[in-house]
There are 2 protein chains.
Amino acid sequence: MDALTIHEAAQTTGWSPRMLRYVERVGLVTTERSGAGYRLYGPAELQRLRTLRELLDEHELGLSDVAFARRLQSDAGLRAAVDGWLEATAERPEHVPAPDWLRWEQEKHSKLLAVASAQRPTTLMETR
Amino acid sequence: MDALTIHEAAQTTGWSPRMLRYVERVGLVTTERSGAGYRLYGPAELQRLRTLRELLDEHELGLSDVAFARRLQSDAGLRAAVDGWLEATAERPEHVPAPDWLRWEQEKHSKLLAVASAQRPTTLMETR
DNA sequence: CCAACCTTGACACAACTGTGTCAGGGTGCG
DNA sequence: CGCACCCTGACACAGTTGTGTCAAGGTTGG
């Protein structure tokens, strides 16, 4: 009874219906389906969607980043391989003189933020 | 001096010179520079480049994936936030009465956010 | 001195991400 | 029954990633 349809869920979470389907496709928030195949968003999914948005905004991530983190979580071998490689990096920081990549990444993020705020703030109410 | 120039390094690692500069730009393998600014690839860097290629090929990753994993590693707040969100995904507590686990998740996220902002500054730079 | 390197910067391009929108066809309810 | 919603699929488009290539200018070694 307390399950929302995709449009209702969109309005209460700040995502667009289109993005809710996309989020499902990348596997981050999936829902039950009604007999006719309608997505049913319960309180759990709504909460996950809100916290997901918070997570992305707060740390400047993309959905693909979270999807990869999830892959790291579920594939221990992958995690071991990646962590192992990174560990070797950490132990060999003899040259730390030019953190150019850091500035580059920051610039990218600022640009994304600028674009995001420059566009119409109608992500929630989009109509025609 | 047993340091190779970028072309020599490229030949022994399988990367192209172009990609070696790119790998440096995304911050995964950086080198020392000669007085004139030439990149100097020592045995350590060569090994890291070879294992990096192996890592990417064997798990079908991109450089950006590894870069993100590194970010997870160096920013504990980010890691806590992402892991926390993913943890909540793993369990689907349908048997638990809704208000309970919902509030539980909210609490967890507020706490994580608090932790994240508490230890935000300069988590990236001091890699020893 | 000169060829063969190196540097950064730029243009180019395919593949992927993120997002909107539209079309064709099914569903639910007053 | 219709209207408003849902579904999937597809076109569109900007921005990022991963690469190649080429230009203009500095460096090195024979």
Please go through segment A:27-43 and pick out each residue that is within 13 Å of DNA strand C (Cβ to nearest atom) and within 14 Å of chain B (Cβ to nearest Cβ). A:GLY27, A:LEU28, A:VAL29, A:LEU40
For segment A:63-81, the count of residues that are at the interface with chain B (Cβ under 7 Å from one of its Cβ atoms) and within 19 Å of A:GLY27 (Cβ to Cβ) equals 8
Does A:ASP57 satisfy being exposed (fewer than 13 other Cβ atoms within 10 Å of the Cβ) and within 11 Å of the chain's Cα centre (by Cα)? yes
Are any residues in segment B:16-64 among the small types (Gly, Ala, Ser) and in contact (Cβ under 8 Å) with a residue 40 or more places away in the chain, and if so, which ones? B:GLY27, B:GLY42
Hits in segment B:17-32 (condition: within 22 Å of B:ARG70 (Cβ to Cβ) and either away from DNA strand D (no atom under 11 Å from the Cβ) or of a type outside the set (A, V, I, L, M, F, W, C) (or both)): B:ARG18, B:ARG21, B:TYR22, B:GLU24, B:ARG25, B:GLY27, B:VAL29, B:THR30, B:THR31, B:GLU32
Taking A:LEU46 as the residue in question, decide whether it is surrounded by 15 or more Cβ atoms within 10 Å (Cβ to Cβ) and within 13 Å of DNA strand C (Cβ to nearest atom). no
Can you work out which of the residues in segment A:49-67 that are in contact with a Ser or Thr (Cβ under 9 Å, 6 or more places away or on another chain) and within 9 Å of DNA strand C (Cβ to nearest atom) is nearest to A:ALA9 (Cα to Cα)? A:SER64
Would you mind finding the one in B:GLU8, B:GLU24, B:GLU60 that is on the phi > 0 side of the Ramachandran plot and more than 7 Å from every other protein chain (Cβ to nearest Cβ)? B:GLU60
Hits in segment A:8-41 (condition: in contact with a Leu (Cβ under 9 Å, 6 or more places away or on another chain) and surrounded by fewer than 16 Cβ atoms within 10 Å (Cβ to Cβ)): A:GLN11, A:THR12, A:GLY14, A:TYR22, A:VAL26, A:GLU32, A:ARG33, A:SER34, A:LEU40
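Values quoted throughout were computed directly from the atomic coordinates according to the rules given, and no laboratory measurement underlies them. What you see is a predicted model; the values in this text were computed from it and never measured. Note: ideal-geometry Cβ built from the backbone for every residue, glycine included; neighbour counts use all protein chains shown.
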